[in-house]
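Okay, so here's the structure we're looking at.
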Amino acid sequence: MAFSLHGVHVPHRKNTAAMPAVRMGAPGTVTLPMVMHIGKAAIPVVKVGDHVDVGTLVAEQDGKISSPIYASVSGKVSKIGDMLLSNGSTAPAITIESDGEMTVSETVAPPKVENGADLIEAIRKSGIVGLGGAGFPTYVKFDVGDPSKIEELIINGAECEPYITSDTRTMLDRADDMAFALRALEQHLGIKKILIGIENNKKEAIASMQKLAAEDVCVKVCVLPALYPQGGEKVLIYHTTGKTVPAGKLPIDVGCVVCNCTTLAEIGRYLQTGMPLVEKCVTVDGGAVKEPKNVIVPIGTALSDVFDFCGGFTVDPEKVLYGGPMMGIAVPDTSVPVLKQTNAILALSKKEAAPKKTTACLRCGACANHCPFRLDPCAIAFAYKKRDVEELERLAVETCMECGCCAFNCPAGRPLIENHRLAKALVREARAERKAKEATK
Amino acid sequence: MDSKLHVSASPHIHSARTTQSIMLDVVIALLPAAIAGVILFGLSALAVIVCCVAVSVLSEFVFNLILKKEQTVGDLSAVVTGLLLALNLPANVPLWQAGVGSVFAIIVVKCLFGGLGHNLVNPAITARVFMLVAFGSMAQAAFPLDTVAGATPLVELAAGNSPSLMDLFLGKTGGAIGETCTLALLIGGIYLLCRRVIQWHLPVAFIGTVFLFTLALVGFDFVTALAWTLSGGLFLGAIFMATDYVTSPATPLGMFVFGVLAGVLTVVIRFFGNYPEGVSFAILFMNIMTPFIDKWTARKPFGTGGVKA
C-alpha cells in the first residue's frame, strides 16, 4: 500500500469509552419498524392482541435482502400500523406493550450448526444486520456460494465517529462472543485470514483484541491511524489489505468481507444462546445529555425513554441524532425508536450543532483534498447546478459514501453532502430513464 | 419541546475554519511585510497601505449597498486585496492612483465577476498590472530611480551590478512596500504553512524554478542567481498572490505545475521582456490557465483505476 487515503481529524469526544454498558429495564412500550435493515420490509406474523415473549418472531423477512424481526420485550402486541421513518418513507411497525417481565420465549435455543450452510442459515435467522450503522443483512455477506472466495474477513473496530464507544465496549466486554463467532466462521466457512482494524486511539480495545489474536492463529490486529473515516468499508479494506474495491463493486469482488465487531459479537451470542438480535448497546452522549453512558436497550425503545434513563437533558437539545455527528441522521422528535443498527443516540447542544454560515465557494480545495475517495465536491456541485448527468458520472459521484469530510472542512459552510445526495439521485433517475428507453427500443 | 429539534443533512459538526478566519490568517501573515515596509520606506508607506485597505473595503461595501446584495465585507477578503495591492506599490505612489487601483481591484476584477470565489484573476495582481499600464508615471514609480525607493535591484542586476545578498534578504533595497523584505515574507509564509492555509507546493515550485532557471541563464553563478531570486516581487507573489485559492489550482499537483510555469514565465519576462519584473504578469497569465491546469491535474476517483493494490 503506497499511500493512505485522505480523511479528517475529527474531535474524538469518546467520553463514554471507560463506561461499561448498563442494562436498562423494560420500557412501557417498544415500536419495531419493519425496516431496520437495507432491503425489503419484513412482514408481520403476529396480530394485535397476541402475547409475545423476548425472542418471539414477530416479522419474517421478505426476499433475500431482508431480515426477520423478534420481540424485544414480553407483553402484548397493541398496534400494527404505518410509521414515518427517518429517511422520509413509511413502513409498517409493530408496537408491543411490555408486561415488565422480560420473559424469554421458549423458542430461544442455540442453533445446531454442523456446516457452512447451517451457519449462514443461523446468521439469517438471528435477525442480525450490519450493526455499524448500515444495517445490511449480515448473512447475505457470507452467503457467497463458494466460501473460499472469502480471502480475508475484516472485523471493523475502527469506530471513527466522534462520541460513539459502543464498539469499543464490545471489544472490551464481549471478546468471548467475538472469539466464539470467529471460531465458527473459521471452522464452517474455512476463513483463514481475519484482520481486526482498530484506530490507534483505542489502546484498551487494541490490547483486548491482541489477547484474542494470541489465542487464534488466523486473527491479526491492524492498528490504524485515528483518521476519520477509517471505518468506512472501502477505506478499511484498503488500509488493512491494500486492496482497492473498484467503483460499483462489492468487497467480495476483491475477496473481502467486512463485519462490524458488534455484529460479530451478536453472531457469537446467537450461536451460544439462540437469543436473536433483540437488544442493542447504544452510546448516549452529546452536550445536552445529563449523564452520558453506554446503555443496553431493548430494540424499539423510544429515544426519549433512553434519554430519561440517562437523567434527561441539561439543556434543550438542538439536534438529536441516530449515530455519530459525521454521518448520523437527525430525527424530528425523540419518540422514534432505537433500531437494530443504532449504535449511538446523541443529543447535541446548540453550541455543538451550530451550523456554519454558508458563503461563496472559495475554490480552496479543502473538500477535494480531504476526500478519501479523491472526489471533487466543488466540481460535483458545479455539474449538479447544470444538471449535467454525464459530467456527474465522470466525476464518479456515485462512489461517494457520504462520510462528510468535505462538508466538515468547507470554510464556506457549503452543504456538500446534501448536494451529493441530490446529484446521486439525479444520476440514478437518468440511468433508469436510459434503461427504460433501451428496453422499449 | 421536541418540535424544536433541528433536522438537517449530515455532517452535524464542522471544523472551526471559516472564510473569515482564513482571510484573517492571511492578514496576520502579511503584517510582518507591512511593518517592514513602513520601517524601510517611512510613513508614506503607511499612508498607501491605509488608503488601499480603506478604499477596497469601502468599494465592496458601496457596491453591495447599491446593488442591494448581502453585505460581504465581513469576510475580510477586501482587506486582504487592499493590503496585497498596497504592498505591491512603491511608497511614493500618488494616493489617488492607489485609490483608483483599489477600486479597480474590487469593483472590476472581483465584484463585477460575481464577488469572492467567482473572479477569474487575482484582484490585487490585476490592479497592479492595470496601474503599471494605465498610469504613465506608474511605470516609473514601480521601478523608480528617486530617493524614496531607490533603484530596484532588478534594474541594477540587469545593469550588471549585484546588490548585497544580506540587503536583499532584509529588504534594504528599492522596490514596492512589501516586496523587498524577504525575511518578513518568509515569516508570513511559514505562518500560513503552519496554519495550513496554504500548501508548500506552489511557492516552492515557483521560487525554485526561478532560481534554477536563472542559475542556468547566468552561467551557474550561484550568488547572482540568488540575488535575482531575492529581488523583485517574487516572494510576495509566490507566497501570497499566486496561492490565492480562487485563482490557483486546487490539487497539490496542479499547484506544482502552476508554480513551475509561473517561474519559467517570470524569468523569461525578466531576461527577455520589456519590463524589468515579470512576477505579476506571470501570475496573471497563470490565473487564466488555472481552469485548464485543474482539468489536466484532476485526481482519479478511488476505485476507478487511480491506485492499484
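The values are calculated or read from the model by the stated rules, or taken from the named source; none is laboratory data. No experiment lies behind these values; they were computed from the predicted model shown. Using ideal geometry, Cβ is built from the backbone for each residue, glycine included, and neighbour counts are taken over all protein chains shown.
Worth a mention:
- The number of residues in segment A:334-351 that are in contact with a strand residue (DSSP E or B) (Cβ under 8 Å, 6 or more places away or on another chain) and either over 13 Å from A:Thr283 (Cα atoms) or among the aliphatic types (A, V, I, L, M) (or both) comes to 12.
- Among residues of segment A:342-369, those that are closer than 28 Å to A:Thr165 by Cα, modelled with pLDDT of 90 or more and crowded, with 23+ Cβ neighbours inside 10 Å, counted: 8
- Qualifying residues in segment B:1-33 (those that are more than 7 Å from every other protein chain (Cβ to nearest Cβ), of a type in the set (A, V, I, L, M, F, W, C) and free of Cβ contacts under 8 Å to residues at least 60 places away in the same chain) - the one surrounded by the fewest Cβ atoms within 10 Å (Cβ to Cβ): B:Ala16
- Some residue of segment B:300-309 being in contact (Cβ under 8 Å) with a residue 24 or more places away in the chain and either within 23 Å of B:Leu87 (Cβ to Cβ) or in contact with a Leu (Cβ under 7 Å, 6 or more places away or on another chain) (or both): no
- Some residue of segment A:233-250 being touching a residue at least 60 places away in the same chain (Cβ under 8 Å), in the same structural domain as A:Met327 (by TED's automatic domain parsing), surrounded by 22 or more Cβ atoms within 10 Å (Cβ to Cβ) and not in a helix (DSSP H, G or I): no
- The listed residues are B:Ser102, B:Ser56, B:Ser44, and the only one of them that is more than 14 Å from chain A (Cβ to nearest Cβ), among the small types (Gly, Ala, Ser), within 30 Å of B:Phe169 (Cβ to Cβ) and surrounded by fewer than 22 Cβ atoms within 10 Å (Cβ to Cβ) turns out to be B:Ser44.
Residues checked against (1) more than 14 Å from chain B (Cβ to nearest Cβ); (2) touching a helix residue (DSSP H, G or I) at 6+ places or on another chain (Cβ under 8 Å); (3) small (Gly, Ala, Ser):
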position	(1), (2), (3)
A:Cys222	yes, yes, no
A:Glu233	no, yes, no
A:Thr244	no, yes, no
A:Pro251	no, yes, no
A:Val258	yes, yes, no
A:Tyr270	yes, yes, no
A:Cys281	yes, yes, no
A:Asp305	no, no, no
A:Phe309	yes, no, no
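- The selection criterion, being buried (at least 24 other Cβ atoms within 10 Å of the Cβ) and closer than 21 Å to A:Ala175 by Cα, holds for A:Val258.
- Look at segment B:41-68: where a residue is in contact (Cβ under 8 Å) with a residue 60 or more places away in the chain and a partner is of a type in the set (Ser, Thr, Tyr) and crowded, with 16+ Cβ neighbours inside 10 Å, sitting 6+ places away or on another chain with Cβ atoms under 9 Å, you get B:Phe41/B:Thr180.
- Restricting segment B:278-309 to residues that are outside any loop (DSSP other than H, G, I, E, B) and among the charged types (D, E, K, R), the residue that is nearest to B:Thr243 (Cα to Cα) is B:Asp294.
- B:Tyr275 meets all of the listed conditions (1) away from every other protein chain (no Cβ under 14 Å); (2) part of a loop (DSSP other than H, G, I, E, B); (3) in contact with a Lys or Arg (Cβ under 8 Å, 6 or more places away or on another chain) but one, namely (3).
- Flag for B:Val260 being away from every other protein chain (no Cβ under 14 Å), β-branched (Val, Ile, Thr) and in a helix (DSSP H, G or I): yes
Residues checked against (1) more than 7 Å from every other protein chain (Cβ to nearest Cβ); (2) closer than 27 Å to B:Leu76 by Cβ; (3) touching an Asp or Glu at 6+ places or on another chain (Cβ under 9 Å):
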residue: A:Ala366; (1), (2), (3): yes, yes, no
residue: A:Thr399; (1), (2), (3): no, no, no
residue: A:Cys410; (1), (2), (3): yes, yes, no
residue: A:Leu416; (1), (2), (3): yes, yes, no
residue: A:Lys424; (1), (2), (3): yes, no, yes
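- Elements of type helices (runs of 4 or more DSSP H) in segment A:310-411, at least 1 residues being touching a residue at least 40 places away in the same chain (Cβ under 8 Å) and either within 23 Å of the chain's Cα centre (by Cα) or under 22 Å from B:His14 (Cα atoms) (or both): A:366-370, A:377-385, A:405-409
- When A:Val54, A:Val10 are checked against the criterion of being crowded, with 22+ Cβ neighbours inside 10 Å and either at positive phi or within 14 Å of chain B (Cβ to nearest Cβ) (or both), A:Val10 stands alone in meeting it.
- With respect to (1) farther than 24 Å from B:Ile293 by Cβ; (2) assigned to a loop (DSSP other than H, G, I, E, B); (3) not hydroxyl-bearing (Ser, Thr, Tyr), the lone exception for B:Ala98 is condition (2).
- Segment A:212-228: number of residues that are in a loop (DSSP other than H, G, I, E, B) and of a type outside the set (Gly, Ala, Ser): 6
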